[in-house]
1. So, in region 10-37, of the ones that are among the polar types (S, T, N, Q) and within 17 Å of Tyr160 (Cβ to Cβ), which residue ends up nearest to the ligand (Cβ to nearest atom)?
2. Yes or no: Arg79 within 15 Å of the chain's Cα centre (by Cα), closer than 19 Å to Lys226 by Cα and touching a residue at least 60 places away in the same chain (Cβ under 8 Å)?
3. Filter region 38-56 down to residues that are more than 30 Å from Thr217 (Cα to Cα) and among the basic types (Lys, Arg) and give me whichever is farthest from the ligand (Cβ to nearest atom).
4. Given the criterion modelled with pLDDT under 95 and in contact with a Pro (Cβ under 6 Å, 6 or more places away or on another chain), identify the matching residue among Thr145, Thr229, Thr190.
5. The conditions are (1) without any contact (Cβ under 8 Å) to a residue 12 or more places away in the chain; (2) more than 30 Å from Asp221 (Cα to Cα); (3) assigned to a helix (DSSP H, G or I); (4) of a type outside the set (Phe, Trp, Tyr), and Thr34 fails exactly one of them. Which is it?
6. Hey, could you check region 65-96 for residues that are crowded, with 22+ Cβ neighbours inside 10 Å and not in a helix (DSSP H, G or I) and say which is farthest from the ligand (Cβ to nearest atom)?
7. Of Arg61, Arg100, which residue is within 12 Å of the ligand (Cβ to nearest atom), on the phi > 0 side of the Ramachandran plot and modelled with pLDDT of 95 or more?
8. Just one of Ser111, Ser115 is small (Gly, Ala, Ser) and away from the ligand (no atom under 16 Å from the Cβ); which is it?
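The values are calculated or read from the model by the stated rules, or taken from the named source; none is laboratory data. All of these numbers come straight from a predicted model, not from anything done at the bench. Here the Cβ is made from the backbone with ideal geometry for all residues, glycine too, and neighbour counts use every protein chain on show.
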Amino acid sequence: STLPGKKRAPFIVIEGLDRSGKTTQTSKLHSRLTENGIDATLVKFPDRTTAIGKMIDSYLRSTSELDDHAIHLLFSANRWELATTIEKLLLAGTAVVCDRYAFSGIAFSASKVDSTGAPLLPFEWCRDPDVGLPAPDLVLFFDITPEKARERGGYGEERYEKEEMQLRVRNFFRRIGEEMDGEAQSAGGTRWISIDAGREREEVEHDVWGLVEPLVTRGVDGPVGKLWT
Ligand code: NYM
């Protein structure tokens with residue numbers, strides 16, 4: 001560990017809509033940390049490499065069909081299979097930079113609707129399986145309008161990559177962010193910050209570094225929090 005005293009490393013999550021530039025910025029952040037001599041590991045959800053991840057991957061690419069409840073629980077299980085690893089890394093002084101987390105899990109599943117537009121899965125039900133996961137110290141929510149995201153070269157071919165869906169997802173992300181702000185303590189001490197991801201790449205990168213650098217340099221006191229407990 002490169003941290004002073006008994007401090008642990010921070011858990012940083014980057015969340016956002018598809019095409020928000022999140023993945024590019026997460027890997028830039030990871031390389032910048034490493035270049036600066038800071039121990040950091042890059043994690044991405046869904047992690048498509050595990051057995052569960054392979055099921056998720058084939059569902060997203062529409063090569064398999066799954067009940068909406070079942071796929072939701074698989075996304076959550078895919079996080080739980082890395083929970084201990086994440087906690088150990090943080091305690092050993094390695095910062096964890098994570099591309100998507102439980103907030104995507106809730107926002108995407110809660111946004112699914114039937115043919116009449118009625119929600120398929122209740123919000124609370126979507127949140128429950130992720131209660132108790134390692135809580136991030138910082139969430140950077142990459143906010144972008146679905147129109148602007150589309151202008152960036154269109155959505156891909158995977159499930160959920162439709163504009164109406166993205167609009168609902170964005171609203172759920174915002175709702176989750178508001179609730180996190182209101183219950184910072186009970187939510188495991190997570191700080192939620194919205195980043196205007198519609199700007200130039202360099203501007204976004206500058207803001208991200210400005211928020212992350214002090215946190216990784218100082219380290220964090222106390223144990224890793226538990227989400228929504
Ligand atoms: N997604 C991602 C979910 O629906 N639930 C989750 O828990 C997570 C982590 O999977 N459209 C959705 C969001 C994306 C898709 O993500 C694949 P990515 O970052 O494109 O691999």
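1. Once the filter is applied, the top-ranked residue is Thr23.
2. Answer is no for this residue.
3. Lys54
4. Thr190
5. (2)
6. So, considering only residues that are crowded, with 22+ Cβ neighbours inside 10 Å and not in a helix (DSSP H, G or I), the one farthest from the ligand (Cβ to nearest atom) is Ala95.
7. From the options Arg61, Arg100, the qualifying one is Arg100.
8. Ser115
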